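Scroll down for the structure; my scribbles are underneath it.
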């Protein structure tokens, strides 16, 4: 399984999201209170961009006139037709058994643990000898 570096942690503040490209797919990465989650940026209904949707929470009610709001920022609503998806699982709230969008695992890794990029600068050993800089070639 290939690994793709898509953004620095600071690029996606809590409550925000970022659209990235992984191979030939568009993926939206969410920061939910410091936890990074990712979904395919395509609503399975008709292909709307989930990145353009509204982040919401879960509303429930035990009786008429009383509403409970929980899981703030953990659902994305497709901007085209309003379908809701759990950003933790990719499951549709309307039909969680059959409708979902692909969920990706996200890992936060220190820069020194990642594979070096395609560019590498030539380096030389430098030493100080009686106040002169010496480069070995």
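Across the range 9-110, the relative contact order, built from alpha-carbon pairs under 8 Å that are at least six residues apart, equals 22 percent.
Rg/Rh for the range 9-110: what does it come to with C-alpha atoms and Rh from Kirkwood?
On the way: Rg = 14.0 Å, Rh = 14.1 Å.
Using only Cα positions, Rg/Rh for the range 9-110 is 0.99.
Between residue 98 and residue 54, the modelled labels are 2.7 nm apart [label points 7 Å from Cα along Cα→Cβ]. Simple spin-label estimate for residue 84 and residue 106 gives 2.0 nm between the two label positions (7 Å along the Cα-to-Cβ direction from each Cα).
Values in this text are rule-based calculations from the coordinates and carry no lab data. The structure displayed is predicted, hence computed values, not measured ones. Neighbour counts run over all protein chains shown; Cβ positions are idealised from the backbone, glycine included.
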